[in-house]
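Heads up: the structure comes next, in structure tokens.
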Ligand SMILES: Nc1nc2c(ncn2[C@@H]2O[C@H](COP(=O)(O)OP(=O)(O)O)[C@@H](O)[C@H]2O)c(=O)[nH]1
Ligand SMILES: [Mg+2]
């Protein structure tokens, strides 16, 4: 991979995303040609990692971090942050690999950080934001998780559970100083809570979130339960 100082790094965690990942990398490069992409793959049994490794031979803007087992979304993000700092990137944009997060919104999220915001968030829950393809049950689950997190943790952000974000260098340097309590999806709430409590400037930009059309969601009852525990734990702490 060609390393460019202070460029953004797009970090995409994957677990069994063979049907999505190469197409997504293409779309990301189209939307943001200046960005390198790091795929953080947890030994996906469907061969996602092999597909990416083959593509790297032809794509200098693509890299992979291959982890030995399914270690969770939270540790994948932190590993991506550490990689970005080690390789002198200026910011990190995180997104899911299932096309739920529209690549054409990447430039706006990066521009917000370039203009001095410490964290920008692609948000479903601000005016102009929307969700496509979710059944009522999933909508209700997400809306109530956000409402509870906002109330209990006194968060200002409306979309606390989305993973389409751009972290500034300052946010990255701050977040890697301490391991996360949560290894899975609830890491998104923990990362946000830490940024808000540190007084960082945060902006939410509207996005249309679309349910995946290929592959399956990895969210489980256990993840939902863990997220509830994370919120309770964070509510009992000050920092
Ligand atoms: N590296 C890694 N990626 C994961 C893990 N769990 C989920 N992902 C990825 O995280 C993103 C969000 O997961 P997804 O299943 O779409 O969750 P949902 O959108 O909440 O249903 C996708 O890109 C997944 O492939 C994990 O344990 N490790
Ligand atoms: Mg998804």
Fill in: Near-label residues of the range 62-92 by backbone N, under 11 Å of a point 7 Å along Cα→Cβ of residue 177
none
Discussion item. Looking at the range 8-235 only, what percent of DSSP beta bridges run antiparallel? Nearest 5 please.
Written reply: 25 percent
Response to the item:
Semi-axes a, b, c in Å (a largest) for the range 8-235, each sqrt of 5 times a Cα gyration tensor eigenvalue, come to 25, 20, 18
Worksheet item: If we count other beta carbons within 10 Å of each Cβ, what is the order of 189, 56, 12, fewest first?
Response: 56, 189, 12
Item to complete: For the range 187-239, divide the Cα radius of gyration by the Kirkwood radius and give the resulting Rg/Rh value with two decimals.
Response: 1.06
Item to complete: Write down the Å³ per residue value for the convex hull defined by the alpha carbon atoms of the range 78-139.
Response: 125 Å³
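Where a number appears in this text, it was derived from the coordinates with a stated rule and is not lab data. Treat the numbers as computed from the prediction; the structure is a model and nothing was measured. Here Cβ is always computed from backbone atoms with ideal geometry, including for glycine, and neighbour counts include all displayed protein chains.
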